[in-house]
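The values are calculated or read from the model by the stated rules, or taken from the named source; none is laboratory data. Worth saying up front: this structure is predicted, and the values here are computed from it rather than measured. Quick reminder, even Gly has a Cβ in these numbers, built from the backbone with ideal geometry, and neighbours come from all protein chains shown. The protein model used for the area step is the full one, side chains on, heavy atoms only, and it has no ligands, DNA or RNA in it. Shrake-Rupley method; radii C 1.70, N 1.55, O 1.52, S 1.80 Å.
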Amino acid sequence: MLHRLRARLRSLWNWHRQESELDQEIQFHLSEEADERVAAGLSPDEARRTAKKDFGNVHSIRARTRDVWIWPWLQDVGQDARFAARLLVKDRWLTLAAVTVLALGIGANTAVFTIVNSVFIRGLPFHEPDRILRLWTQTQDERGARRPPSELTYEHWAEARSLSGLAGHVGSSINVSDEDLAPERVQGSYVTANLFRVLGQVPMLGRDFAAEDDQPGAEPVAIIGHRVWQNRYGSDPAVLGRTLKANGQVVTIIGVMPPDMRFPDDADIWLPRAQLPPRTFPYSFEAIGRLADRVTLEQARVELESITQRLAQAFPETNANLASYVWPYYEWTVDGEEIGLLFLLLQGTVPFVLLIACANVANLLLARSAHRAHEIAVRVSLGASRGRVVRQLLVESVLLALIAGLAGLGVAVAGLRWAEAATQTMADMPHWMAFTMDGTVFAFVAAVCLATGIIFGLAPALHVSKTDVNEVLKEGDRSGTGGLRARRWTRVLIVSEIALTLVLLAGAGFMMRSFFTLYRMNLGVDTSPLLTMQLFLPVPKYREVGLRTELFRQFAERLAGIHEIEASTLTTRTPAGGGAWRRLMIDGRPRPIDEEPPLVLTVWVGDGYFETLGVPLLQGRAFTWGDGRPGQQSAIVNRQFVAMHFGNEEPIGRRIMVESDDFPPGTFESPWLTIVGVSPDVRQRQLGREDDGEDRGVVYVPYRTSSPRSGALILRTRGDPAAVTALVRDAMRNVEPDLPVFNIQTMDELLAQQRWPFRVFGTMFTTFALIALVLVAIGLYAVTAYSVTQRTQEIGLRVALGAQPGQIQWLVLGQAVRQLAIGLPIGLAGAFGVGQLLQGAPNGGLLLQASPSDPLTLVSIVAVLVGTAVLACLWPARCAARLDPMVALRHE
Amino acid sequence: MAHDNARIELLQGTLDLLILRTLVFGPCHGHAIARQIRRVSEEVLQVETGSLYPALHRLEAQGWISSDWRISDKGKRAKYYRLTRSGRKQLVVEQSRWDQLTAAMARVLRPAD
């Protein structure tokens, strides 16, 4: 058995040699036979002739011998493929149309799969990545700011039993230079010695950091990344032990990391933490931990929280009001939003585009199959079985699909390039999320091509193989009895195309609607001249409220001196940046006993807030220097607040209290705030987060009340906001050199980031819907045109009998209308389902202020589809109406 | 020279047996094998060339005979076949099977004996 297999496989290689050997063998046999006959007395010519005659059919001998060598079907497939290739070249236009259509479908699917692959499937290049955690501390005050842990916290956390290891890292730009090569600037990371052990990654060459390397005064060492090793050292394995200068300090290379390792942010070099240059202001180390064996995330969270609380009590000056915040490293969230679902939605939608493309190509092939009926009939009559015919047709369609797959790769690459450009604006894009095509993607493309070829090829193949041989071979056959069955297949395909396209349009339509709603949301503020940035005042220097207030005052003075800045202000949250929810109580109104007191959004703002925003107050006055001090506790409320809580009463002078929701009522003695002004409505709730509840009004409290450590600075600039950035940084550095100021962007950029998911995904869905629409139009056009050709005689007859052009047009369009009538309801059901799905998405869903059965959206997508369909069929219909009956009747 | 009435249809399995048996006496090329079988059977068994070469290649694929190219005694290049060790074993098996078959056939056809 094994022998036969091996012999057959060997024959695949030695194909030609075996064939020629057999020929030689036969020649030898013939010559021997001829010699024998000559010896028996025949003349040489006679001998040769009779020898040949008696030998038998050389070809059939060859064929039977060949069957011994390899599987016959493999040979046949090769034959089929060659024939198919010739056919594809002959039917150039059909091939081109089919390849284009399929390439769009395959390309779109490949692009989306590449993204999904890099996001979900490929995962992190670490050992058991789902057990790696990120640890922060979170302040329990209004801002709820998350910061990396302090040294103290870190040391205590490191002793937690639920962590098998805790490591820290801080990123930095590093100048790398040595004697031989030009210096270059790379991204690097100063890490604790155990970082790679926590990540579960061993160096490819050399060794990992040891505890001794991370001691002050230890010999300076470094581990380099694969890219540096390749580019600077030419992948030289003798790189270990060489030295280079990192930021001026000489270090010895002790290890090289494998190519995938670029933790945490495209890092190319890692240095021990002990080598950090000293500075007055402490570095903030990101903490990474790994869950110990058999410990769950919940258990770890509980233990770390209890440690944190213990620290808060033992060290109140530094750690009061801190809680722990522990999340798996691999949570695919962006700004807290679950983007993962959107990617999955995309992956679920894009196969529809491919199915529509397949249906189109199947129709094209069905139309062409009528012309091939003759050839198929000949094959069948020569002895080809039905399976053989089907196999041949499938080989043709798979070959077509493979060509389209190659073209589709080009489409996918273009699409991915766009996706990468679009996601550049995403601040949190992790480094390991590279949209590259790896082996998995190529395997996917191959599988898709194969499946596609079979899907769209099966229907025509099955249909054609059933041709009645006699009918077809007879002369004068027109469309043949196959016409009826082909039409039924075609109708089914068109109806399904229509339904699928409607579903895609629905997805696109809903997203576009949400998107427009987002954009139309009036903030109530002209955001164009506004620049924003985030601040964070470090403890311990700025522990006291008074110090912070003084710092802010100095800032304001400095900034006022800059000509390009018209006004500046502080705030805990920018407009559309959310706020702190507080329980509201109004002086003079009874405290609700059984029901929940109303909630209101609270923002702490500086004196010039409304002036900076360019929003004049409706009533009363803005905050001044005195507001916010004990004895002069004030508040400004917005118009919505007044409408909700005061109606027609005068709000100025009334007193309100806002209590933190985290604590039971009455625990904190919040001061009574006197309302001193009423502002217009400036949107404070975040865009796109509808689960923040309805607009319940906003209360503005002077910043000085608590001078929170973290907040945002808003600047009103003259001219281009971005140009002012450098000036602002300088001013800040003069006041406090070590102060981190980050996220400097214009207000418009900030808002654009919030809208990002809708913009990107909306574009993707719309692109797919448009592709589907184009495909359906092409499909309908082709089918209608073909049916007109088929029915030319009939049309000619009708015209000759007196039919009007309008009636002819209606006749042709009627078919399309019938298909629409069936396809639309199915599609609408699907559209409704899509709407439900979008609405059910987390974070308030992706359907902003619209319902799944929103009539405007549904009506418009139906109108778009019907309009496209009618337009596609119009041209063939008009051609049909203008047929010359004399010509038509003679058409075959 | 076709002897129609004397021609006996050879089953595929029997042709294999004949070829293996013929090769016991040493390597032969295809034509010589056919000639040998014809001669030894006294012209009763005429091997169809249409079956001979497929059979030879099948036996080779199964590993019971092997082939190489040599110069024939007439000076031309020919493909010679010879028995392999497993071929020899197979020959014994086939031969005993054949004997069993003929004995059984004889019992059925002449029950009286």
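Going by a ≥ b ≥ c, the root eigenvalues of the Cα gyration tensor, does region B:61-113 fall in the rounded group (a/c under 1.5), the prolate group (a/b larger than b/c) or the oblate group? Prolate is the answer for region B:61-113, as a/c is 1.5 or above and a/b outweighs b/c. Each residue, A:Glu650 and A:Val413, gets one label point 7 Å from its Cα in the Cβ direction; the gap between the two is 7.5 nm. The packing ranking, built from the mean of other Cβ atoms within 10 Å per residue, places the peptides A:633-640, A:50-57 in the order A:633-640, A:50-57, highest first. The alpha carbon convex hull volume per residue for region A:149-269 rounds to 111 Å³. Shielding of peptide A:17-28 by partners, expressed as the average count of other chain Cβ atoms within 10 Å per residue Cβ, is 3.
Averaged across the residues of A:56-65, what count of C-beta atoms belonging to other chains lies within 10 Å of each residue's C-beta? Mind showing how you got there, number by number?
Values: counts 6, 2, 2, 0, 2, 7, 2, 1, 7, 7.
So the per-residue partner count for this stretch is 4.
From the Cα gyration tensor of region A:258-313, with a ≥ b ≥ c the square roots of its eigenvalues, which class applies: rounded if a/c is under 1.5, or else prolate if a/b is larger than b/c, or else oblate?
Details: a/c = 3.51, a/b = 1.33, b/c = 2.64.
Judged from the Cα gyration tensor, region A:258-313 comes out oblate (a/c at least 1.5, b/c at or above a/b).
Diffusion coefficient of region B:16-113 by Stokes-Einstein, Kirkwood radius over Cα pairs, 37 °C, 0.692 mPa s: 223 µm²/s.
In chain B, the longest principal axis of the Cα atoms and the axis of helix B:49-62 are about 80 degrees apart.
How many partner chain Cβ atoms sit within 10 Å of a residue's Cβ in peptide B:20-30, on average, as a whole number? Could you put the intermediate results ahead of the total?
Numbers: counts 0, 0, 0, 0, 0, 0, 0, 0, 0, 4, 5.
Per residue, the average neighbour count from other chains is 1.
Going by average Cβ density within 10 Å per residue, which order do the peptides A:762-774, A:575-587, A:547-559, A:356-368 take, highest to lowest? Let's see the in-between values first.
Details: A:762-774: 21.8, A:575-587: 19.7, A:547-559: 16.8, A:356-368: 25.5.
Taking the mean over residues of other Cβ atoms within 10 Å, the ranking is A:356-368, A:762-774, A:575-587, A:547-559.
Only protein heavy atoms count here; under a 1.4 Å probe, A:Lys245 has an accessible surface of about 90 Å². Residue separation of A:Thr318 and A:Ala292 scaled by 0.36 nm, minus their Cα-Cα distance, works out to 6.5 nm of gained length. Rolling a 1.4 Å probe across the protein heavy atoms gives chain B an accessible surface of 62 Å² per residue.
Protection proxy ranking, highest mean first, for peptides B:27-35, A:75-83, A:221-229: A:221-229, B:27-35, A:75-83, where packing is the per-residue count of other beta-carbon atoms within 10 Å, averaged.
Provide the FRET efficiency to the nearest 0.05 for the A:Ser670-A:Val735 pair, computing r from the beta carbons and using R0 = 45 Å.
Details: r = 31 Å, r/R0 = 0.70.
E(calc), rounded to 0.05, equals 0.90.
Any idea what diffusion coefficient region A:551-609 gets from Stokes-Einstein, in µm²/s, Kirkwood Rh on alpha carbon pairs, 4 °C, 1.567 mPa s? The Stokes-Einstein estimate is 90 µm²/s.
Probe radius 1.4 Å, ligands and nucleic acids left out: can you give me the accessible area buried at the A-B interface, summed over both chains, in Å² to the nearest hundred? Intermediate values should be presented prior to the final figure.
Working: alone 42810 and 8070 Å², together 48690 Å².
That pair hides around 2200 Å² of surface in total.
Taking amide H as placed 1.01 Å from N in the peptide plane, A:Ile269 has its amide H under 5 Å from the amide H of A:Ser189, A:Gly225, each at least 5 places away in sequence or on another chain. Counting 0.36 nm for each residue step from A:Leu42 to A:Met886 and taking away their Cα separation leaves a gain of 296.6 nm.
Rounded to whole Å and ordered largest first, report the semi-axes of the equivalent ellipsoid of region A:165-212 derived from its Cα gyration tensor (root of 5λ).
Details: eigenvalues 118, 39, 16 Å².
The answer is 24, 14, 9 Å, longest axis first.
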